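One structure below.
Coordinate-derived values only; no laboratory data. Keep in mind it's a predicted model, so treat the numbers as computed, not measured. Cβ sites come from the backbone with ideal geometry, for glycine too, and all protein chains shown count toward neighbours.
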Amino acid sequence: MWPILRYDRRGFTLIELMVVIIILGILAMWVAPKIMSRPGEAKQVKAKLDIQNLETALKLYKLDNGVYPSTEQGLQALVEKPETGVIPKKWKKGGYLEKGRVPKDPWGNDFVYLSPGLKGDFDILSYGADGVPGGEDENKDVNNWDIE
C-alpha cells in the first residue's frame, strides 16, 4: 500500500498574496488620481448637502414658530433662541441643528441667509471658493434655489 498524501491548504501561498497585492496596487494607481483630481467638485456637493440640511432645519423652525428667522436673526436662530425681532414662542429646546452649531461652507465661510429671500421665502447661498458672487468651477456660487 502506498501512503496517502494529504495536502492541507489552510492559507494562501506567497505567490497568491503577491498577485493580489499587485492587482490592488494597479487599481489604486488608476483610481486614486481620478478621485484626487476632483476636490473642488466634492466641495460643491458638500455645500449643496449643507444647504439642504439648513433648509430642513428652517422648515422645522417655521413649523414650530409660524415664521422663518429674519435676516437679522440669521441662521444662528437655529441654534440659539433669538432675542430680537419676532421672538419665537415655541422654539425647540436644543435648537434645530444636530451638532448645536451653524456649519460653515466647505471653504470655511459663513453661508449667506436672507429672509425674505429674493428667490423664495428664504435664500441660502455660498459664494464658493473665492468667497465673492459669481464664478466658474470651484468658485461657482451654490444656492438653495438651484438645488434639485
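The figures follow:
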quantity	calculated
Chain lengthening between Asp130 and Val67 when straightened (0.36 nm per residue, less Cα-Cα)	19.4 nm
Distance (nanometres) between label positions extended 7 Å along Cα→Cβ at Leu114 and Glu41	3.0 nm
Between region 40-54 and region 55-70, the Cα center-to-center distance that results, in Å	21 Å
Mean Cβ count within 10 Å, highest first, over the residues of peptides 83-91, 119-127, 59-67	119-127, 59-67, 83-91
Estimated FRET transfer efficiency (Asp121, Asn53; beta-carbon r; R0 25 Å; 0.05)	0.90
Spin-label model distance (nm) - Lys92 vs Glu148, 7 Å beyond Cα toward Cβ	2.9 nm
(1) 1.37; (2) 0.97; (3) 0.94, with the label sought being that of the calculated Rg/Rh (Cα atoms, Kirkwood Rh)	(1)
